[in-house]
Structures are given as C-alpha cells and as structure tokens.
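Asks: Attaching a single structure in structure tokens format; questions to follow.
The values are calculated or read from the model by the stated rules, or taken from the named source; none is laboratory data. Predicted model, so just to flag it, every value in this text is computed and none were measured. As a convention, Cβ positions derive from the backbone with ideal geometry for all residues, glycine included, and neighbour counts pool all protein chains shown. Side chains included, ligands, DNA and RNA excluded: accessible areas come from the protein's heavy atoms. Shrake-Rupley method; radii C 1.70, N 1.55, O 1.52, S 1.80 Å.
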Amino acid sequence: MSGTRTLHVLVMLGGMIAWAVQFTIIYGVTSTLCGRGWADATLFGIGIVQAVIVATTVLAFVPTALVFMGLLRAYRSLEGEDASAATAFMMQAGILINGLSLIVILWQGAPALILPACA
Amino acid sequence: MDSVARRAAGLLWALPVAGCGGVQSALDPAGGDATGIYRLTIVMTAGATLIFIVVTALLLYAIFAPPERRAWLGSRRTIVYGGLAFPVVTLSLLLPYGLLVMRDTDVPRPGALRIEVIGEQYWWRVRYPAEDGQAEFSTANELVVPIGRPITVSVTAADVIHSFWIPNFGGKIDMIPGRINRFNFTAERPGIYRGVCAEFCGDQHARMAFDVVALEPAAFASWRSTQAQPAPEPAIPFLARGGELFRAGGCGSCHVVRGTEANGRFGPDLTHVGSRRTIGAGQFPNNIGTLAGWVANVQHIKPGARMPSYGSFTGEDLRALAGYLESLK
Ligand SMILES: [Cu+2]
C-alpha cells in the first residue's frame with residue numbers, strides 16, 4: 001500500500017524532479033566547461049555548452065511529457081469508475097504539475113538558443 | 001507653516017522629475033545598450049504596475065462584492081485563463097525579450113577604441129593606449145569618447161575594490177585589484193555625462209566621480225592629439241614662476257607633467273589638467289580659484305585624499321601656482 005503511494009507521489013512530482021535534475025546538470029556542466037575554457041569547443045558543429053544544455057533539456061522533457069500524457073489518459077479512463085477522492089486529486093495535481101514542468105523545462109533551456117556560451 | 005508644507009510637497013514632486021534627465025541618470029540613456037536596458041525597465045515597470053492594479057482590484061472585488069456577483073472569480077475558467085494561461089504567456093514573452101536584450105548588451109565589437117581606467121582612492125587614472133600612429137597618453141578623472149564608435153573600457157583597481165558606473169551608458173562594472181574587467185558601449189549623442197564609483201571604497205568614496213565627454217569624431221581626434229602633446233611652456237613670467245613653485249614644492253614627486261622634470265606616478269597626470277572640466281574627481285569646477293583652494297586646502301575639502309594640503313604658500317605664490325596649473329591646457 002505505502003509502496004504504491006510513494007510511487008504515486010513520485011509520478012505526481014515527476015516533472016519537478018526532472019526540472020531539478022536538468023537545473024543541476026546545466027549549471028554544473030556549464031560552469032565546469034566555461035571554467036576550463038571550453039567556451040568555443042564544438043560537438044557536431046554546435047557549441048559543446050549549447051549541446052549539453054539542449055541534450056539535458058530533451059532528456060528532462062521527454063520523460064515528463066510521457067508521464068503527463070500517461071496521467072491524462074489514466075484520468076480520463078477514471079470517469080465512470082468510482083476511484084477514491086485522494087487518487088483523483090493526486091492525478092489532477094500530477095497533470096498540472098507535469099504540464100507546468102514541461103513549460104519550465106523549455107524556459108530553462110531557452111538561453112542556450114539565444115545567449116553565447118560563457119559570456 | 002502652510003508655505004513650508006507646500007514647499008516640501010513641491011520638493012517631493014520635483015524629486016522624481018529631477019531624477020529622470022541629466023548627466024547622471026539611467027533614465028536618460030545616451031547609448032544603444034543603455035536604451036535597450038531602459039526599454040526593458042519601462043516594459044517591466046509598466047507591465048508589473050498594470051498587473052498589480054488589476055489583481056488588487058479583483059482582490060477588493062472578491063472581498064466586497066455580493067456573493068452572486070463575484071462567483072465567476074472562483075470558476076474553473078477564470079483560474080485556467082487568469083491563473084495559468086496568462087502568466088505562462090506573459091513569462092514566455094518576457095523571457096526571450098530579456099535574453100535578447102542581454103545578448104545585445106555589452107558586446108565587444110571589432111575596431112573598438114580601447115581605454116584603460118584604474119580606480120584609486122579616490123580618483124580615476126585614465127590611459128589611452130597607442131593606436132595606429134597615435135601616441136599613448138594618460139589623463140585623469142575624465143573619459144573623453146567619440147560618438148558612434150564602439151568603446152571598450154578595461155578596468156582594474158590599484159588598492160581596494162571600486163566600481164565603474166556611467167548611468168547614461170548602462171552597465172556597471174567592478175574594478176578589482178589584480179583583475180581586468182571589460183565594459184563595452186557606444187555613445188550615440190554628444191554631451192556631457194557623469195560617472196561615479198559605485199562600490200564603497202573608503203572615506204571619500206562619495207567624492208569619487210568623473211566626467212564623461214562624448215564628442216563628434218573630429219573634435220575627439222583633435223582632443224586626442226592635444227592630450228598626447230607635452231605641456232606647453234609657460235607663456236609669461238608669472239606662469240613661469242608658478243611652474244618653478246610646482247618644481248620646488250615637490251609636486252613632481254607625485255604628479256607627471258610631460259615635458260618637464262615632474263614624473264611622479266602616484267597622483268593624477270597633470271600635463272593637461274587645465275583642459276579638464278573639473279578637479280578632485282568631479283568635485284569642483286576647474287578654474288584658478290578652485291585650483292588654488294585645492295592645493296592650499298585639500299585635506300579640508302577632501303579629507304583623507306592622498307595629497308597633503310600646502311597651506312604655507314603666500315597668496316601671490318598660490319595664485320602663480322594655480323595660474324600655471326590652469327595654463328596646462
Ligand atoms: Cu571608489
């Protein structure tokens with residue numbers, strides 16, 4: 001019982017966790033690369049700092065999107081059935097949290113497309 | 001009583017108005033970067049004010065309106081559009097806008113005029129490095145720039161941390177001993193502006209300012225070639241006597257006057273001190289009276305400045321000395 005509850009909470013907060021991980025990786029990797037003077041290094045033609053940020057953003061975005069859509073589908077199929085109020089609430093909260101996290105993850109990756117690395 | 005209150009109200013009213021224009025105001029941008037930052041500020045301030053007013057009005061409505069009229073405030077639709085969609089759209093527009101302003105601000109440009117500024121307690125050492133045929137020279141407390149040409153100012157400090165800030169040109173940058181920071185800008189209209197030290201650096205921090213003079217390119221070129229010249233010979237015996245007092249007084253142990261034996265590097269370069277608008281790091285208009293007052297009484301008017309007062313000159317000698325300084329155009 002408590003095992004599934006933990007899982008539900010993790011799923012509900014999934015997007016925020018992905019966002020936190022993305023944040024940590026982007027800041028850590030950017031300051032390390034910039035500190036070592038890798039500002040101009042490139043990977044497949046794009047700057048390595050930008051490449052890391054874009055890759056991390058995709059990595060955070062895709063699982064969040066999957067969780068978001070999964071929750072949406074599960075919530076729709078909940079209609080009719082008499083699920084507990086708590087379950088329904090957690091699903092609603094999960095949809096909202098994961099949906100907003102998708103936007104925030106994009107915002108956090110956006111500077112890579114506009115600003116020069118290490119400026 | 002009544003007139004005092006009225007005058008106080010008048011002063012309060014004048015305050016924001018007076019703060020907007022002029023030689024030292026971030027709200028009166030004189031360069032491209034400063035204009036971009038200024039626009040961003042206006043957009044943010046106006047937008048935030050508008051949103052604040054609307055939210056406050058809705059809040060009051062929610063508290064005081066009769067229940068049946070305020071019910072729509074709690075509807076799902078209001079929450080989704082007002083609470084989710086609106087902030088998401090607003091922030092999604094503001095973020096790229098802010099990032100674009102950031103990208104276009106303080107960008108080093110090829111062909112920029114390089115100027116070096118060193119912050120010292122409590123004045124600014126300014127150096128124009130040699131550049132295609134133009135000799136290098138030093139001056140102080142004055143940044144003269146041509147309009148339309150990108151400028152790169154490299155800054156550092158000699159003693160403690162200072163901060164270089166010309167509000168009309170945006171940007172503010174720390175001057176840190178042992179480290180060189182750069183600041184890029186372009187002046188767009190001729191004029192006189194004022195820069196200040198923006199990091200507390202000691203007793204006289206508040207009296208550490210400088211003039212910024214933006215000139216047409218031709219005027220700048222002529223200023224530059226004049227500055228690179230050694231000091232003119234005293235034209236009349238009275239000024240020659242001032243020059244002799246300068247030598248005998250030991251001023252040359254701290255000050256350079258190129259073309260004479262004065263070669264002290266501790267204080268400001270005085271080769272063309274007479275051509276500056278102000279003395280004492282932007283504190284006094286530059287004329288024979290303030291020059292004499294400065295020499296006789298520095299420690300009274302700028303206590304703690306790294307120059308001793310010379311109170312023992314006779315009035316006649318002081319006039320000659322100040323006249324000599326003033327003649328160094
Ligand atoms: Cu200072």
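Asks: Out of the residues in region A:105-119 meeting the condition of being surrounded by 15 or more Cβ atoms within 10 Å (Cβ to Cβ) and more than 8 Å from chain B (Cβ to nearest Cβ), tell me which one is nearest to residue A:18 (Cα to Cα).
Replies: A:105
Asks: Additional query: For region A:84-96, give me the residue count where each residue is within 13 Å of chain B (Cβ to nearest Cβ) and open to solvent by less than 40 Å² (accessible area, probe 1.4 Å).
Replies: The number of residues fulfilling the criteria is 1.
Asks: Quick check, is residue B:161 open to solvent by 10 Å² or more (accessible area, probe 1.4 Å), within 16 Å of the ligand (Cβ to nearest atom) and over 30 Å from residue A:110 (Cα atoms)?
Replies: Considered against the rule, which asks whether it is open to solvent by 10 Å² or more (accessible area, probe 1.4 Å), within 16 Å of the ligand (Cβ to nearest atom) and over 30 Å from residue A:110 (Cα atoms), residue B:161 comes out as yes.
Asks: For residue B:151, are the conditions met, namely being touching a Leu at 6+ places or on another chain (Cβ under 6 Å) and surrounded by 14 or more Cβ atoms within 10 Å (Cβ to Cβ)?
Replies: For residue B:151, the condition - touching a Leu at 6+ places or on another chain (Cβ under 6 Å) and surrounded by 14 or more Cβ atoms within 10 Å (Cβ to Cβ) - is met.
Asks: Another question, then. Condition first: in a helix (DSSP H, G or I), open to solvent by less than 60 Å² (accessible area, probe 1.4 Å) and not assigned by TED's automatic domain parsing to the domain that holds residue B:146. Can you find one or more residues in region B:63-72 that meet it?
Replies: Within region B:63-72 (the criterion being in a helix (DSSP H, G or I), open to solvent by less than 60 Å² (accessible area, probe 1.4 Å) and not assigned by TED's automatic domain parsing to the domain that holds residue B:146), the answer is no, since none of the residues qualifies.
Asks: Just checking, which of B:204, B:227 is within 16 Å of the ligand (Cβ to nearest atom), open to solvent by less than 20 Å² (accessible area, probe 1.4 Å), within 23 Å of the chain's Cα centre (by Cα) and on the phi < 0 side of the Ramachandran plot?
Replies: From the options B:204, B:227, the qualifying one is B:204.
Asks: Determine if region B:235-243 includes at least one residue that is over 17 Å from residue B:139 (Cβ atoms), away from chain A (no Cβ under 14 Å), within 16 Å of the ligand (Cβ to nearest atom) and open to solvent by 20 Å² or more (accessible area, probe 1.4 Å).
Replies: No, there is no match, as no residue in region B:235-243 is over 17 Å from residue B:139 (Cβ atoms), away from chain A (no Cβ under 14 Å), within 16 Å of the ligand (Cβ to nearest atom) and open to solvent by 20 Å² or more (accessible area, probe 1.4 Å).
Asks: Further, regarding this structure: Determine which member of the set B:141, B:184, B:168 is within 14 Å of chain A (Cβ to nearest Cβ) and either among the polar types (S, T, N, Q) or within 16 Å of the ligand (Cβ to nearest atom) (or both).
Replies: Only one candidate qualifies: B:184.
Asks: Another question, if that's okay. Answer with yes or no whether residue A:100 is in contact with a Ser or Thr (Cβ under 8 Å, 6 or more places away or on another chain) and within 13 Å of chain B (Cβ to nearest Cβ).
Replies: When the stated conditions are applied, residue A:100 does not pass them.
Asks: Just to check your reading of the model, which residue among B:195, B:304, B:282, B:191 is within 16 Å of the ligand (Cβ to nearest atom), open to solvent by less than 40 Å² (accessible area, probe 1.4 Å) and assigned by TED's automatic domain parsing to the domain that holds residue B:147?
Replies: B:195
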